[in-house]
Amino acid sequence: MSKINWSRRSVMLGAAALPMIRMVSAKPGPPAVVISSANRFDGGVNCCAKAMELIKAGADTLDAVVAGVNIVELDPRDSSVGYGGLPNEDGVVQLDSSVVHGPSRRMGAVGAIEGIKTPSKVAKRVMEDTDHMMLVGAGALKFAKAEGFQEENLLTEESRLQWLVWKRSQRDRDGHSNWGPGLDAPPEPPKTANLEELKREFPWASDELLLEAIQNAYHPPHGTINCIALNEKGEMSAVTTTSGLAWKISGRVGDSPIVGGGLWLDQDVGGAGSTGRGEENLRVCGAHTVVENMRRGMAPKEAVLDALERVARNFNQDRKRLEAIDLKFYALRKDGEYAGASLWNKSSVEARQVAQFAVCTTDGGSRQENAVFLYARSS
Ligand code: GLY
């Protein structure tokens, strides 16, 4: 066959193939969806809105979710994430984060990093600029500084006050509230903090802050933000970032930086993440379990509830012991279906708020939706 014949053939084939290509490209992709934990001060709603704005502008899904959670990391009012996060028992803020980039199937994480406001960005750099997956403690900070991150004081006056209030209501005289034989649920500290005394000691503090400090001294919170995104090309990414359990033993790392625990995503299936008591999540490899449940055909709602049932099973479904635990899972499937689920219908503290999560879709905007739940609290 001559050269000319070949090119004629290509033109003819090309013309014949055109309608086929049009048909393929006309096939609708999944809807773009971003989900996250709810977080206070509209943290989740703002996070999802930011990530969606970037996705609509054509950004990579990981850049989008990291920019979303950066809003919460940099907001000192959210005392469970980033700057202003509640410190460990030594009064030092230690942060954890992990990221998963679906298309490249790459991951990065940092644990117990100090002095950097946006650990999610450092986790992303670990993924991009090293052949490691996780850096912790002093090594993570050294790496972040080498990457150009600025070391800063993360302890705000408000979180320092809360730490001082916890110190005076702690469980034992050596200053610990986390030591004990095989603790599998948060201990109840003696209720010794007194609002009137605290008002005299911290005249600058609002009653609201002092009451929150007392509450957090008795019920150390876990907070955290998890965010998962899907774009119209079907690409997915996810991030989790946290200051972890308040008043933790220095060096304690929860589920958030553990890929498979506080975060997991498989580009072929979907993504999942968690907020709440990391120790209980780690015992069921929660995020990985949720994604594998979806791979085996469960809808996101069933998948997250099944993971919570596994947590309840670890307590022989003893509701009294489970009552001390707050734990939530979030799942986004590759086709855009999503769910948020909570162990309990309401928080154990936070004025017993109804369990919710945030979601942003291209048609419905960014909003909070009620999570499904395993158990209802009696009051
Ligand atoms: N889920 C956050 C933590 O337990 O550290």
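The values are calculated or read from the model by the stated rules, or taken from the named source; none is laboratory data. Source: prediction; values computed, not measured. Glycine also receives a Cβ, built like all others from the backbone with ideal geometry; neighbour counts cover every protein chain displayed. The accessibility values were calculated without ligands, DNA or RNA, using every heavy atom of the protein model including side chains. Shrake-Rupley method; radii C 1.70, N 1.55, O 1.52, S 1.80 Å.
The table for this structure:
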item: Tally, over the range 318-333, of residues that are more than 19 Å from the chain's Cα centre (by Cα) and not in a helix (DSSP H, G or I); result: 3
item: Conditions (1) touching a residue at least 40 places away in the same chain (Cβ under 8 Å); (2) more than 27 Å from GLU212 (Cβ to Cβ); (3) open to solvent by 30 Å² or more (accessible area, probe 1.4 Å); (4) not hydrophobic (A, V, I, L, M, F, W, C): number failed by GLY336; result: (3)
item: Residue within the range 112-131 that is surrounded by 23 or more Cβ atoms within 10 Å (Cβ to Cβ), more than 27 Å from ARG77 (Cβ to Cβ) and in contact with a strand residue (DSSP E or B) (Cβ under 7 Å, 6 or more places away or on another chain) present; result: yes
item: Candidate set from the range 281-313 (those that are open to solvent by 40 Å² or more (accessible area, probe 1.4 Å) and assigned to a loop (DSSP other than H, G, I, E, B)); member that is nearest to GLU323 (Cα to Cα); result: ARG283
item: Matching residues, the range 347-363, being closer than 17 Å to GLY44 by Cβ and modelled with pLDDT of 80 or more; result: GLN353, VAL354, ALA355, GLN356, PHE357, ALA358, VAL359, CYS360, THR361
item: Boolean, TRP264 is buried (at least 21 other Cβ atoms within 10 Å of the Cβ), part of a loop (DSSP other than H, G, I, E, B), within 16 Å of the ligand (Cβ to nearest atom) and in contact (Cβ under 8 Å) with a residue 40 or more places away in the chain; result: no
item: Which numbered condition TRP204 fails, given (1) at pLDDT 85 or above; (2) surrounded by 14 or more Cβ atoms within 10 Å (Cβ to Cβ); (3) of a type in the set (A, V, I, L, M, F, W, C); result: (2)
item: Residues located in the range 216-246, provided they are assigned to a loop (DSSP other than H, G, I, E, B) and within 12 Å of the ligand (Cβ to nearest atom); result: PRO220, PRO221, HIS222, GLY223, THR224, SER243, GLY244, LEU245, ALA246
item: Selection count where residues are open to solvent by less than 10 Å² (accessible area, probe 1.4 Å) and under 11 Å from the mean Cα position of the chain (by Cα), scope the range 74-83; result: 1
